[in-house]
1. Being at pLDDT below 95 and farther than 20 Å from Lys103 by Cα narrows it down to one of Ser54, Ser48, Ser43, so name that one.
2. What helices (runs of 4 or more DSSP H), lying completely within the stretch 31-112, carry at least 3 residues that are closer than 24 Å to Arg5 by Cβ and out of contact with any helix residue (DSSP H, G or I) (no Cβ under 8 Å at 6 or more places or on another chain)?
3. Does the stretch 4-19 hold any residues that are in a helix (DSSP H, G or I) and surrounded by 17 or more Cβ atoms within 10 Å (Cβ to Cβ), and which are they?
4. Is one or more of the residues making up the stretch 42-50 surrounded by fewer than 17 Cβ atoms within 10 Å (Cβ to Cβ) and basic (Lys, Arg)?
5. Which residue out of Glu106, Glu94, Glu112 is at pLDDT 95 or above and over 12 Å from the mean Cα position of the chain (by Cα)?
6. Name, by its number, the condition in (1) in a helix (DSSP H, G or I); (2) in contact with a strand residue (DSSP E or B) (Cβ under 9 Å, 6 or more places away or on another chain) that does not hold for Glu26.
Amino acid sequence: MKYFRHYCNAHENPNLGVLIDDWGVEGYGRYWILVELVGEQVSKSNLSYAYQTSNGNPVLLGIIARLLRMHAQRLCKFCDYLATHRLIDKKAWEEKKLIYIPKLQELNKRVE
């Protein structure tokens with residue numbers, strides 16, 4: 001996907017507002033980078049809405065941590081938080097350490 005719909009008032013979403021309260025605008029920015037990373041992988045042949053390798057495995061946390069300019073341990077805490085607040089899929093994160101954002105599918109449909 002080349003782009004997705006991003007609402008101008010996304011920061012007013014209750015879950016994103018709490019994210020800003022707890023992690024600051026830095027956390028908000030990191031969340032949107034994760035959304036962008038997942039979105040980059042979405043194509044007509046790959047509609048998984050997850051950040052994964054070409055063989056379907058989760059991208060290594062060290063790689064994601066470097067992209068987000070944070071330590072892997074802090075990334076895990078951040079993703080635990082995102083999962084708890086339904087910003088990424090909790091089951092996928094807890095079971096596989098996979099960043100899966102089903103909400104992105106809805107945003108993609110509105111663009112098509």
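1. Ser54
2. Result: 103-111.
3. Result: Leu16, Leu19.
4. yes
5. Glu94
6. (2)
The values are calculated or read from the model by the stated rules, or taken from the named source; none is laboratory data. Fair warning: this is a prediction, and the values are worked out from it, not measured in the lab. Neighbour counts are summed over all protein chains in view; Cβ atoms, including those assigned to glycine, are modelled from backbone coordinates with ideal geometry.
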